[in-house]
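Undergrad: Take this structure, written in structure tokens, and hold onto it; I'll ask about it next.
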Amino acid sequence: MKRTAMLGVMLALSLAACGGSGKKSAAEQQLQQRADYYAIDQIEKTWHKAASTQNVDLMMSLWANDATFNIGPETLDGKKQIRDFFNTAGPFRSGNHWVSDTPSYKIRITVNGDKGTLYFECHYIDAKTGKLESVVGADQDVQRINGKWLITSAAGSSPKLGS
């Protein structure tokens, strides 16, 4: 699947480089949408890699400079406040060795031009005990900024069973 998606991205980029009238054909639009879905999906994968390896710098590479992050009643504004949160969040806390994962059926992506949405759940599992430590939902607005898809706003939530 990853190879197919990567081939789609490469084909979309090749077609975009060919130039033309400026108006994309239906096939080009479909390839661009697939490339965008793939790029947005990489945000979820990178998020979980960052959480599983306690790499705050990698986590912060996903966020736009002026992003906001709502957690309960609190709103974090900008990368500095968001970084401060992740520096002390459960998966990043010293001594915790949690693996972060998302069931693929709980990922939802939309794309509309240079904007989109991404929803996924984070299932944090203690690597030593195998115990489920936390389940958190992440509902995000994403945007292509300077050619890269980034999180512009996010809201953390407690997912409901069956959602």
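Undergrad: Are any of the residues in region 140-154 out of contact with any Phe, Trp or Tyr (no Cβ under 7 Å at 6 or more places or on another chain) and among the hydroxyl-bearing types (Ser, Thr, Tyr)?
TA: Yes, that holds for at least one residue.
Undergrad: Sticking with this one: If you take the residues of region 106-140 that are more than 17 Å from TRP63 (Cα to Cα) and among the acidic types (Asp, Glu), which of them is surrounded by the most Cβ atoms within 10 Å (Cβ to Cβ)?
TA: Restricting to residues being more than 17 Å from TRP63 (Cα to Cα) and among the acidic types (Asp, Glu), the top hit is GLU121.
Undergrad: Does SER94 meet the test of being over 19 Å from GLU121 (Cβ atoms) and either part of a loop (DSSP other than H, G, I, E, B) or in contact with a Cys (Cβ under 9 Å, 6 or more places away or on another chain) (or both)?
TA: On the way: over 19 Å from GLU121 (Cβ atoms): yes; either part of a loop (DSSP other than H, G, I, E, B) or in contact with a Cys (Cβ under 9 Å, 6 or more places away or on another chain) (or both): yes.
Considered against the rule, which asks whether it is over 19 Å from GLU121 (Cβ atoms) and either part of a loop (DSSP other than H, G, I, E, B) or in contact with a Cys (Cβ under 9 Å, 6 or more places away or on another chain) (or both), SER94 comes out as yes.
Undergrad: Give the residue, chosen from GLY78, GLY72, that is open to solvent by less than 40 Å² (accessible area, probe 1.4 Å) and at positive phi. Please lay out each step first, then the result.
TA: Working: GLY72 fails: open to solvent by less than 40 Å² (accessible area, probe 1.4 Å).
Selected residue: GLY78, the only one of GLY78, GLY72 that is open to solvent by less than 40 Å² (accessible area, probe 1.4 Å) and at positive phi.
Undergrad: Does THR152 fit the bill of being within 20 Å of GLN54 (Cα to Cα) and out of contact with any helix residue (DSSP H, G or I) (no Cβ under 9 Å at 6 or more places or on another chain)?
TA: Numbers: within 20 Å of GLN54 (Cα to Cα): no; out of contact with any helix residue (DSSP H, G or I) (no Cβ under 9 Å at 6 or more places or on another chain): yes.
It is false that THR152 is within 20 Å of GLN54 (Cα to Cα) and out of contact with any helix residue (DSSP H, G or I) (no Cβ under 9 Å at 6 or more places or on another chain).
Undergrad: Among the residues of region 38-69, which ones are open to solvent by 80 Å² or more (accessible area, probe 1.4 Å) and either within 20 Å of GLY90 (Cβ to Cβ) or part of a helix (DSSP H, G or I) (or both)?
TA: If we filter region 38-69 for residues that are open to solvent by 80 Å² or more (accessible area, probe 1.4 Å), which is where we start, we get 49, 53, 57, 65-66.
Correct list: LYS49, THR53, ASP57.
Undergrad: Looking at region 141-163 only, could you name the residues that are of a type in the set (Lys, Arg) and either part of a strand (DSSP E or B) or surrounded by 18 or more Cβ atoms within 10 Å (Cβ to Cβ) (or both)? Steps first, please.
TA: Initially, region 141-163 is screened for residues of a type in the set (Lys, Arg), giving 144, 148, 160.
Those that are of a type in the set (Lys, Arg) and either part of a strand (DSSP E or B) or surrounded by 18 or more Cβ atoms within 10 Å (Cβ to Cβ) (or both): ARG144, LYS148.
The values are calculated or read from the model by the stated rules, or taken from the named source; none is laboratory data. No experiment lies behind these values; they were computed from the predicted model shown. In this analysis, Cβ positions are derived from the backbone assuming ideal geometry, glycine residues included, and neighbour counts consider all displayed protein chains. To get the accessible areas, we keep the full protein, side chains included, count just its heavy atoms, and leave off ligands, DNA and RNA. Shrake-Rupley method; radii C 1.70, N 1.55, O 1.52, S 1.80 Å.
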